[in-house]
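Below is one structure, written out as structure tokens; the observations come after it.
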Amino acid sequence: MTDKRLIKVDDIRKTADERKCPVEKALFYITEFLAGPMCGKCFPCSMGSYEARAVLNNMTDGKAAEEDLFKLRRIASGMLIGSMCKKGKDTGRFILRWIDTAGFAGHMEGICPERTCSAYIEYTIVTAKCTMCGECLTACKYGAIYGERRRAFISGYRPFEIRRTKCVKCGECVPACPEKAIVVVDAKVKEAETVAT
Ligand code: SF4
Ligand code: SF4
Ligand code: SF4
């Protein structure tokens with residue numbers, strides 16, 4: 001097993017950069033930094049890292065608030081200025097690099113623009129595209145999809161739908177659908193549509 005203390009900040013940055021959502025990038029970076037290279041010898045970096053992780057967790061969990069952005073900027077700036085070594089400064093710099101992007105702003109509005117943070121998305125079936133083949137029923141291990149397979153000469157089918165209360169947002173039904181009828185939508189928009197109907 002790799003000793004996490006030996007992991008280099010540059011390697012963490014590279015893996016973090018592979019993520020699409022900037023909030024997820026920052027959370028991944030700080031989580032890995034805390035698990036490995038962060039040695040705890042100076043306060044701005046050690047305390048700042050724990051605080052930044054708490055704020056970023058809040059943001060990806062769907063509880064982002066405007067004050068989180070101010071708090072995170074303050075923490076990251078403190079890390080950049082006050083950290084004793086390059087590792088802490090680079091971590092503060094990484095957060096500041098992404099904080100003013102549309103991705104962060106979107107989370108403040110209750111939307112993950114990259115549609116990757118599960119708290120901000122829903123999986124849904126586009127009825128007009130669904131041929132009621134039933135492939136998704138087999139793909140979903142969580143019993144979250146309801147519907148009746150189409151059978152010849154029988155009418156009155158129950159349309160296919162995804163139950164929000166059971167869906168764990170694993171995404172496995174998406175590639176299983178031959179019609180590309182299962183799509184990811186913004187949870188906020190979906191909720192507004194449900195209230196309106
Ligand atoms: S800035 Fe450097 S010395 Fe200070 S806690 Fe972070 S890793 Fe340790
Ligand atoms: S995202 Fe996962 S849990 Fe949700 S309906 Fe699709 S397969 Fe089932
Ligand atoms: S796999 Fe696609 S087309 Fe088939 S029933 Fe499910 S949503 Fe409809």
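The values are calculated or read from the model by the stated rules, or taken from the named source; none is laboratory data. Predicted, not measured: the structure shown is a model, and the values here were computed from it. Backbone-built Cβ (ideal geometry, glycine too); neighbour counts: all protein chains shown.
In table form, for the structure just shown:
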read-out	value
Some residue of the range 37-46 being within 16 Å of ligand 1 (Cβ to nearest atom), in the same structural domain as R13 (by TED's automatic domain parsing), aliphatic (A, V, I, L, M) and in contact with a helix residue (DSSP H, G or I) (Cβ under 9 Å, 6 or more places away or on another chain)	yes
Residue list for the range 54-71, restricted to those being hydrophobic (A, V, I, L, M, F, W, C), more than 23 Å from K89 (Cβ to Cβ) and surrounded by fewer than 16 Cβ atoms within 10 Å (Cβ to Cβ)	A65
Selection from the range 88-115 of residues that are assigned to a loop (DSSP other than H, G, I, E, B) and buried (at least 17 other Cβ atoms within 10 Å of the Cβ)	I99, I111, C112, P113, E114, R115
Search result, residues across the range 72-87 that are surrounded by fewer than 20 Cβ atoms within 10 Å (Cβ to Cβ) and not in a helix (DSSP H, G or I)	M84, C85
So E24, is it surrounded by 19 or more Cβ atoms within 10 Å (Cβ to Cβ) and at pLDDT 95 or above	yes
Cβ pairs under 8 Å, 6+ apart, first in the range 113-137 and on the phi > 0 side of the Ramachandran plot, second in a strand (DSSP E or B) and not aliphatic (A, V, I, L, M)	R115/D186
Any hit, the range 86-94, residues being more than 16 Å from ligand 3 (Cβ to nearest atom), under 27 Å from V189 (Cα atoms) and not assigned by TED's automatic domain parsing to the domain that holds K190	no
